[in-house]
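This report refers to the structure that appears directly beneath it.
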Amino acid sequence: MSRHRIILAGIIIPLLLSGQDIDEAIRLFNSFQFSRAKEIFYELKKNGDHPRIGEVYYYLGRLSVNPDSAAQYYYGVINDYPQSRYADISYLEIAKINIARKNFATAISNLDELLRRYPETEYRDEIMFWQGVSHISVGNTGRGESLLASLQSDFPRSVWSERAANITQKKEITQEYYTVQLGSYRNKNNAENYAVSLREKGVDARIVEAVVKGHKYYRVWSGQFAILDKAKEHLAKLDSLGLKGNVVRGP
């Protein structure tokens, strides 16, 4: 084998192997084998020059149970790898993190910038839905309802159009969501101690009070998702960390 062919093989073979590793990690992710997928993605992250590194950052964001960590990875995609095919959905994920935190004005800016930079995005129907939700939530009811109406007209078969059809001016759209309940305590200190231990592990956790049959309970919840499947995905991530819980509807 010539020297040039040896050099070329030395370049191409590692790239092919890395590509196979990424595909395997994505397969594991889609099979809910999050722990093994995360191990592979962390290893791949060490090669910042790989042409598919944007994908690695995106999936590490998806695998992060802490919203701040997830957002950091998504910003890594859009700032460092804006040509990645995952850049537009990374913008969308950042916007949804802000929506979950009720930072609706910031979410609107995220979504507007997404459409400005990626006008041909395949996620336009979901973007329009969250734009409508966010505008209504900050009091721009006319603008929000107009966006939701356009969504139903432009994408009549989209699941996001179905969700838009259920939203009326009289219905508070930010109240209901899905979350993961990791514990329920009669003693508030026990709940607070558990929440602190979760946060130390990088897990988003908050305490919600509930009264059941005259007794007050302190529930430890993690995550806030508008979609049931996202909450189930979060539950699977927590399960991979040895944390048992169940999906509930909030608040």
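Taking residues in region 100-116 that are touching a residue at least 40 places away in the same chain (Cβ under 8 Å), and partners anywhere that are surrounded by 17 or more Cβ atoms within 10 Å (Cβ to Cβ), the pairs with Cβ atoms closer than 7 Å and at least 6 places apart or on different chains are ALA100/GLN224.
Every residue, every condition in (1) touching a Cys at 6+ places or on another chain (Cβ under 6 Å); (2) buried (at least 23 other Cβ atoms within 10 Å of the Cβ); (3) modelled with pLDDT of 95 or more, yes or no:
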| residue | (1), (2), (3) |
| --- | --- |
| ALA107 | no, yes, yes |
| ASP112 | no, no, yes |
| ARG124 | no, no, yes |
| MET128 | no, yes, yes |
| GLY139 | no, no, no |
| ARG143 | no, no, no |
| SER146 | no, no, no |
| LEU151 | no, yes, no |
| ARG157 | no, no, no |
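Looking across region 230-251, the residues that are aliphatic (A, V, I, L, M) and under 17 Å from ALA100 (Cα atoms) come down to ALA231, LEU235, VAL247, VAL248. The set of residues in region 60-83 that are crowded, with 21+ Cβ neighbours inside 10 Å and among the hydroxyl-bearing types (Ser, Thr, Tyr) comprises TYR73, TYR74, TYR81. Taking the conditions (1) part of a strand (DSSP E or B); (2) touching a residue at least 12 places away in the same chain (Cβ under 8 Å); (3) over 25 Å from VAL138 (Cβ atoms) in turn, VAL208 satisfies each one other than (3). Kindly indicate the residue of region 84-104 that is touching a helix residue (DSSP H, G or I) at 6+ places or on another chain (Cβ under 6 Å), closer than 19 Å to TYR178 by Cα and among the aliphatic types (A, V, I, L, M) and also surrounded by the fewest Cβ atoms within 10 Å (Cβ to Cβ) among those meeting that condition. Applying the filter and picking the extreme gives ILE97. When restricted to residues that are under 24 Å from GLU200 (Cα atoms) and of a type in the set (D, E, K, R), region 35-68 contains 7.
The values are calculated or read from the model by the stated rules, or taken from the named source; none is laboratory data. As the structure is a computational prediction, the values presented were derived from the model and not from experiment. Counting neighbours? That spans all protein chains shown, and the Cβs are built from the backbone with ideal geometry, glycine included.
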